[in-house]
Amino acid sequence: MKIESWGRYPKVFGTVHRFDNEKTLHSIVSEQKALIAYGNGRSYGDSALNDNIVHTRPYDCLLAFDETEGLLHVQAGVLLSEILDVIVPKGWFLKVTPGTKLITVGGAIASDVHGKNHHVEGCFSESVKSFRIMLANGEVVTCSREKTPELWRATCGGMGLTGIILEATLSLKKINSQYIEQTTIKTKNLRETFEAFESYAHMPYSVAWIDCLAADSERGRCLLMAGDFKDDGDLDYHHKTQKSIPFNFPDFALNNWSVKAFNRLYYSKVKERVSYQIVDIDTFFYPLDAIGHWNRIYGKQGFTQYQFILPKETSYEGLDEILAAIAESGKGSFLAVLKLYGKENANYLSFPMEGYSLALDFKIEKGLFKLLDRLDTIVVKYGGRIYLTKDVRVSKEVFEQGYPQIEMFRKYRKEQGMDRKFQSLQSKRVGI
Amino acid sequence: MGYVLIVGAKSDMAKAVAREYAKNGYDIYLAARDTEMLKPLAKDIAIRTECNVQLLALDILDFESHQNWYAEIEEKPAGVVCAVGYLGEQTAAQEDFPEAKKIIDTNYTGIVSLFNVIANDFERRKEGFIVGISSVAGERGRKSNYIYGSAKAAFTAYLSGLRNRLYASGVQVLTVKPGFVATRMTAHMDLPKHLTAAPEEVAKDIFRAQQKGKDILYTKWMWRWVMLVIRSIPEFQFKKMSI
């Protein structure tokens, strides 16, 4: 059947395998030549696409919840949103959550996702105590940092290329409110944006929306949102009903002018330099989840997200050059998200490093990949890397230069027979 | 609100139905042959909803056991949902009668044996609801799955008769006719997206229809009209078709 991921590009025809216990999964893994786990289809590119996919989403039971210690044991297909429905009313929250809650726990580990608090809590794997995984030979092992460090470093951030994650135990964060006190800082250019990130680094959560079409003296202007949970004891959490984009937008709907107009409106809606708001969990962490199928606004050709990170020392220069290149190309993006990250972890392929990351959505159209190739050159020049979870087109050379531990990952895959059993279109393209 | 008995609880559809009833305040009996397999779901429901979940070992093909099996349930259920279904292999069933018999017994004979017992109890108590998940495949025999289809047709007719009988006692009987549903049973098929429901959608539809006291439910809704068209094709034409 037709399979696609969140970017809806590419669309491939493949066979979908489903399992309801370890035995049935074992026979799938031993019978098929090469396969890749597919969770809720929220990675943007081709990292979960192949001829044979194992659909892990239906493997979605909550197995144990220790409400006093804040430990949750789940099957890997469960969504973060389902977890929140259970834990928030009990005064717990995820230690690390990305900007969507519609992803599976298995996917969160395989992408080693991160959130607005990376500079404090690190990646998703930092909140995982242990997980169970089926390896290439069908053996199921319980993996932890201490017991199986190599498998841990390869699997967290390993894009599903070490096996099928079956279960995980997460350690949660105590909260005493479903509301967040948010500070919004409006900046005029990239220099001010950097200063704002530094001066709000003490806040546990921070992220900036950046106007990537603003040129010259306004280049890098942003709205920085920083916040922390309130302490008012209100945990009466119900997620809101979703609005949905009912059809694909026509191709002409998104263009340089409409994005520019949107960005200008969005930016000038905020009047004061510094303002304060009280917002709920869904508004603060998952604004886009409120709109179902929002990927349809990019039309039926699909879209991609270009996300890179630069080391802190070169971030300013690099971002300035990249923003100039984007503004010059005129290919704008509604969603341009900038964030300052904390220290990187030891996992072979985890994306974050200490520095600034920018994520931009682009409609798939003629000339786009040429622009992205050009941006790749700048990213490589400044010692940065590309996020595989969002990627659909990066070259082997550019990918390799960003991930110095790639050879260890390759060697481990080969030794364990994982390289032939677990493959995605992306792993074939970038040679991992 | 009492217990809802989910028969054939190992299926994807049953899982979704159990969660839906639990979410709405019912306690749950999960019944299947192998209760070991149901343990993760039992824990899941208890964590999500804090309702009571009990596991019951039931072999739908062991007809003689059904009377005692039901008698031993201490707190009798307020309603039952049967999600037992076995698609089987049409070609194997043509060649090999045991496969055909397994399809018929699982989808029809076994359920009749169990439902007879439950219906008698509900009739005496003058309360309860019975939900049978049949199939649109029972509306017209097609060469690709007519053994399965004929067992479902029989089940549909059984439910219709049961509804007629139990009306006087105030017991509701709901016949559910799902079209395509994305489950393990259909994972290998290339199903048209707009006609295919997720098990969770089906579960919501079932709960809503049951609570409203409906008799027959097509899910997704457009299957009512798809089947109207398929039923109205004249036989001399239909026999030449490949659908």
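Just a few scattered comments:
- Selection count where residues are surrounded by fewer than 24 Cβ atoms within 10 Å (Cβ to Cβ) and either more than 17 Å from A:I281 (Cβ to Cβ) or out of contact with any helix residue (DSSP H, G or I) (no Cβ under 7 Å at 6 or more places or on another chain) (or both), scope region A:162-185: 14
- Any hit, region B:169-180, residues being free of Cβ contacts under 8 Å to residues at least 40 places away in the same chain and either surrounded by 12 or more Cβ atoms within 10 Å (Cβ to Cβ) or among the aromatic types (F, W, Y) (or both): yes
- Residue list for region B:17-51, restricted to those being touching a Cys at 6+ places or on another chain (Cβ under 6 Å), of a type outside the set (A, V, I, L, M, F, W, C) and more than 9 Å from every other protein chain (Cβ to nearest Cβ): B:D27
- Scanning region A:4-24 for residues that are facing chain B (nearest Cβ under 7 Å) and within 29 Å of A:Y306 (Cβ to Cβ) yields a single hit, A:V16.
- Flag: A:L49 matches the condition of being of a type in the set (A, V, I, L, M), crowded, with 21+ Cβ neighbours inside 10 Å and at pLDDT 95 or above.
- Single condition A:R153 does not satisfy, out of (1) touching a helix residue (DSSP H, G or I) at 6+ places or on another chain (Cβ under 7 Å); (2) buried (at least 19 other Cβ atoms within 10 Å of the Cβ): (1)
- Qualifying residue in region A:103-118 (condition: buried (at least 19 other Cβ atoms within 10 Å of the Cβ), in contact (Cβ under 8 Å) with a residue 12 or more places away in the chain and within 11 Å of chain B (Cβ to nearest Cβ)): no
- Note on region A:388-403: residues that are in contact (Cβ under 8 Å) with a residue 60 or more places away in the chain and crowded, with 24+ Cβ neighbours inside 10 Å amount to 4.
- Candidates are the residues of region A:25-44 that are closer than 14 Å to A:Q423 by Cβ and away from every other protein chain (no Cβ under 14 Å); the one that is surrounded by the most Cβ atoms within 10 Å (Cβ to Cβ) is A:A37.
Yes/no matrix, rows are residues, columns are (1) under 21 Å from A:C222 (Cβ atoms); (2) modelled with pLDDT under 85; (3) not in a helix (DSSP H, G or I):
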residue: A:F247; (1), (2), (3): no, yes, yes
residue: A:K260; (1), (2), (3): yes, yes, no
residue: A:L265; (1), (2), (3): yes, yes, no
residue: A:T283; (1), (2), (3): yes, no, no
residue: A:D289; (1), (2), (3): no, no, no
residue: A:R296; (1), (2), (3): no, no, no
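- Restricting attention to region A:306-363, the residues that are out of contact with any Ser or Thr (no Cβ under 8 Å at 6 or more places or on another chain), assigned to a loop (DSSP other than H, G, I, E, B) and more than 15 Å from A:L375 (Cα to Cα) total 10.
- Looking across A:E126, A:E31, one residue alone is of a type in the set (D, E, K, R) and free of Cβ contacts under 8 Å to residues at least 60 places away in the same chain. It is A:E31.
- Checking B:T183, B:T156 one by one, the residue that is at pLDDT below 95 and surrounded by 15 or more Cβ atoms within 10 Å (Cβ to Cβ) is B:T183 and no other.
- Scan of region A:70-86 for residues that are among the β-branched types (V, I, T) and surrounded by 24 or more Cβ atoms within 10 Å (Cβ to Cβ), ordered by number: A:V74, A:V78
- Residue within region A:45-65 that is without any contact (Cβ under 8 Å) to a residue 12 or more places away in the chain and more than 12 Å from chain B (Cβ to nearest Cβ) present: no
- Subset tally (residues that are within 14 Å of chain A (Cβ to nearest Cβ) and among the basic types (K, R)) for region B:169-199: 2
- Taken together, the residues in region A:216-231 that are loosely packed, with under 14 Cβ neighbours inside 10 Å and at pLDDT below 95 amount to 2.
- Tabulated pairs, region A:158-181, first within 30 Å of A:L35 (Cα to Cα) and among the aliphatic types (A, V, I, L, M), second at pLDDT below 95 and in a loop (DSSP other than H, G, I, E, B), C-beta under 7 angstrom, 6+ apart or interchain: A:L161/A:I432
- Taking region B:193-233 as the range and being buried (at least 16 other Cβ atoms within 10 Å of the Cβ), in a helix (DSSP H, G or I) and without any contact (Cβ under 8 Å) to a residue 60 or more places away in the chain as the test, the residues that pass are B:E201, B:D205, B:A209.
- Region B:84-137, subset free of Cβ contacts under 8 Å to residues at least 40 places away in the same chain and assigned to a loop (DSSP other than H, G, I, E, B), residue farthest from B:A187 (Cα to Cα): B:D96
- Residue identified as of a type in the set (V, I, T) and more than 26 Å from the chain's Cα centre (by Cα) among A:V259, A:V270: A:V270
- Filter pass, B:E75 being away from chain A (no Cβ under 14 Å), at pLDDT 95 or above and part of a loop (DSSP other than H, G, I, E, B): yes
The values are calculated or read from the model by the stated rules, or taken from the named source; none is laboratory data. The structure displayed is predicted, hence computed values, not measured ones. Here the Cβ is made from the backbone with ideal geometry for all residues, glycine too, and neighbour counts use every protein chain on show.
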